[in-house]
Amino acid sequence: MIIVLYLLCACLKISAQDNWTLKECIDYGLKNNRNNTIFANEKLAAHAKAKEALADYLPRIGLTTTLDNNLKLQQTIIPAGIFSQNDIRVSLSKQYSSNATAQVDQVIYDQALLTGIKASKYNRRQAELNEAQSKETIIYNISTAYFQIFVYQQQLELLQFNKNTYATQIEIYSLQVKQGTILQKDMDKVKVDYNNTTTQIRVAESNLALAGNQLKYEMGYPISAPILVTTYTETSTPNLNIQDSTKAFLVSSRIDYRLSELNIKVLEIQEARIKAEALPKLSGYFRYGAVGFGDNLKESYREFSPFSAVGLKLSIPIFDFFKRNAQSRQAQIQRINAVENLKLAEGRYEVEYENNRTKLLQAQANVENDKRNVELAESVLRVTDLQFQKGITNLTDWLNTQNSLKEAQNSYLSSLYNYYIARIDLEKAAGTLTTFYNSL
């Protein structure tokens, strides 16, 4: 009894499992796609880079210790007349000498470092935009894979409808062949179309499985785990209304355009930083240490003589054989080219948006027209089928009508997929993929 109840609960749980909608697939993908980890890490790296730039302007503390074994001591000469009538050669050290020094360095003024710190906020903003762009890519890839599955589901339904039509006709023909009213070759013609449709169904099922695996990959979903996508019905068709034609296209809505703008800002700072390298640099330092000497190693650590110093360091670049000028010129050219590329991209984005909008309008018209053709072909087939049963028309006419229906179905499926792709391409061109996702 317990086993029966357990199996019953399991069956109820499976039957109660909801199919995945497009929004649910995107929700899962935004949380589990591996690209999220990569771009989140890049965001952390941008913050670390900002700290690195700031650290160059903060105090630096260093500790240095040395131990020298002076195998041959350096000698110096005390000129004659100071302590003796002759020159005196003396060594001002012993065989072993030890030294320990701690020093604090602080940059007081360095315009190049100050300029570099300004670039940190742009680097962080770039990382944020890259992360947002990654999310848009996930939305786009999941949507296209989902729409592919959606179309394959409809293709299978239409093929199954055609297969049932052929099967019904074969049943009727089988009786007529037994009665001797028609020839075997007439029934074989229908069987050929029946077998072709069966093969098309197997191909469509294979394509549906491949599209399902692609969807899992884009979602970050386990490939081996099953996933059920919402089956096609008139009410489950995604609501993909075309944008208001009066709505102006804003090129700034595209993340890649904003990334290019930020890149120009970074290049401007890079150019300014190179120029700032020609300015004087001022830093201060404080040094404290101790030194010990001895004829043996132990003695050199027995007694230390402390010393300390505080001072300023001023560095003034004078001439570097035009190296800095060449670097500045390169940075200037890069910035100018980036500005020109941005202008080119702005025009390209506008053309891309208008072209995708035109494609979407045409795709919508094609879907509506092809759908009417399918309905008309189905109506003609019903009439032809009735006439054929009454003997008013022949088999060739019936097969031609059936083939016309299949052509109309194929054209409708192609138009439907093109419509979905044109719709998501328009959102991508407009930079509104996130808005599209939120509206689902």
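The values are calculated or read from the model by the stated rules, or taken from the named source; none is laboratory data. Not measured: the values here are computed from a predicted model. Because the Cβ atoms are built from the backbone with ideal geometry, glycine has one as well, and the counts that use them run over all protein chains shown.
Go through the range 292-325 and report how many residues are within 19 Å of ARG273 (Cα to Cα) and of a type in the set (Lys, Arg).
So the count comes out to 2.
Could you list, in sequence order, all residues of the range 370-399 that are assigned to a helix (DSSP H, G or I), free of Cβ contacts under 8 Å to residues at least 12 places away in the same chain, surrounded by 13 or more Cβ atoms within 10 Å (Cβ to Cβ) and among the polar types (S, T, N, Q)?
Within the range 370-399, GLN387 is the sole residue that qualifies.
Closer than 30 Å to THR144 by Cα, aliphatic (A, V, I, L, M) and at pLDDT below 90: which single residue out of ILE227, ILE223 fits that description? Spell out the reasoning first.
Working: ILE223 fails: at pLDDT below 90.
Every option except ILE227 fails the conditions.
Counting just the residues of the range 296-344 that are among the aromatic types (Phe, Trp, Tyr) and within 30 Å of LEU282 (Cβ to Cβ), which one comes out surrounded by the most Cβ atoms within 10 Å (Cβ to Cβ)? Full working, then the answer.
The first filter runs over the range 296-344 and keeps only residues among the aromatic types (Phe, Trp, Tyr), leaving 301, 304, 307, 319, 321-322.
Imposing the further condition that a residue be within 30 Å of LEU282 (Cβ to Cβ) reduces the set to 307, 319, 321-322.
Details: PHE307: 12, PHE319: 7, PHE321: 7, PHE322: 10.
Per the criteria, the residue is PHE307.
What do you reckon, is LEU405 within 23 Å of MET187 (Cβ to Cβ), in contact with an Asp or Glu (Cβ under 7 Å, 6 or more places away or on another chain), surrounded by 13 or more Cβ atoms within 10 Å (Cβ to Cβ) and not aromatic (Phe, Trp, Tyr)?
So LEU405 fits the description; yes.
Given the structure, is ALA365 in a helix (DSSP H, G or I), at pLDDT 90 or above, of a type in the set (A, V, I, L, M, F, W, C) and in contact with a helix residue (DSSP H, G or I) (Cβ under 6 Å, 6 or more places away or on another chain)?
Working: in a helix (DSSP H, G or I): yes; at pLDDT 90 or above: yes; of a type in the set (A, V, I, L, M, F, W, C): yes; in contact with a helix residue (DSSP H, G or I) (Cβ under 6 Å, 6 or more places away or on another chain): no.
Here the answer is no, as ALA365 does not meet what is asked.
With the requirement that a residue be assigned to a helix (DSSP H, G or I) and either touching a residue at least 40 places away in the same chain (Cβ under 8 Å) or over 30 Å from VAL266 (Cβ atoms) (or both), what does the range 283-328 give you?
Let us first name the residues in the range 283-328 that are assigned to a helix (DSSP H, G or I), namely 297-300, 323-328.
Listed by number, the residues that qualify are LEU297, LYS298, GLU299, SER300, ARG324, GLN327, SER328.
On the given criteria, is LEU71 outside any helix (DSSP H, G or I), among the aliphatic types (A, V, I, L, M) and farther than 30 Å from ALA40 by Cβ? Talk me through it step by step, then tell me what you get.
Details: outside any helix (DSSP H, G or I): yes; among the aliphatic types (A, V, I, L, M): yes; farther than 30 Å from ALA40 by Cβ: yes.
Answer is yes for this residue.
Which numbered condition trips up VAL104, out of (1) exposed (fewer than 15 other Cβ atoms within 10 Å of the Cβ); (2) in a helix (DSSP H, G or I); (3) modelled with pLDDT of 85 or more?
(2)
Being without any contact (Cβ under 8 Å) to a residue 60 or more places away in the chain and among the aromatic types (Phe, Trp, Tyr), is that true of even one residue in the range 76-93? Don't jump to the end; show me each part of the working.
We begin by selecting, within the range 76-93, every residue without any contact (Cβ under 8 Å) to a residue 60 or more places away in the chain; these are 76-92.
Now narrow it down to the ones that are among the aromatic types (Phe, Trp, Tyr): 83.
Yes, some residue in the range 76-93 is without any contact (Cβ under 8 Å) to a residue 60 or more places away in the chain and among the aromatic types (Phe, Trp, Tyr).
So for the range 154-171 (the condition being in contact with a His (Cβ under 9 Å, 6 or more places away or on another chain) and not aliphatic (A, V, I, L, M)), does at least one residue qualify? Please lay out each step first, then the result.
Start the filter on the range 154-171 by keeping residues that are in contact with a His (Cβ under 9 Å, 6 or more places away or on another chain), which leaves none.
No: zero hits.
Has the range 213-221 got any residue that is in contact with a Leu (Cβ under 7 Å, 6 or more places away or on another chain), in the same structural domain as GLU407 (by TED's automatic domain parsing) and either outside any helix (DSSP H, G or I) or of a type in the set (Gly, Ala, Ser) (or both)? Don't jump to the end; show me each part of the working.
First pass over the range 213-221, keeping only residues in contact with a Leu (Cβ under 7 Å, 6 or more places away or on another chain): none.
No, there is no match, as no residue in the range 213-221 is in contact with a Leu (Cβ under 7 Å, 6 or more places away or on another chain), in the same structural domain as GLU407 (by TED's automatic domain parsing) and either outside any helix (DSSP H, G or I) or of a type in the set (Gly, Ala, Ser) (or both).
Do you know which residues across the range 31-46 are closer than 14 Å to ASN130 by Cα and either part of a loop (DSSP other than H, G, I, E, B) or not aromatic (Phe, Trp, Tyr) (or both)? Step through it out loud before you land on a result.
Within the range 31-46, the first condition is being closer than 14 Å to ASN130 by Cα, and the residues that meet it are 35-46.
Within the range 31-46, ASN35, ASN36, THR37, ILE38, ALA40, ASN41, GLU42, LYS43, LEU44, ALA45, ALA46 meet the criteria.
Select, from GLY347, GLY431, the only residue that is assigned by TED's automatic domain parsing to the domain that holds LEU129, surrounded by 15 or more Cβ atoms within 10 Å (Cβ to Cβ) and within 30 Å of ILE269 (Cα to Cα). Give the derivation first.
Details: GLY347 fails: surrounded by 15 or more Cβ atoms within 10 Å (Cβ to Cβ).
On inspection, the qualifying residue turns out to be GLY431.
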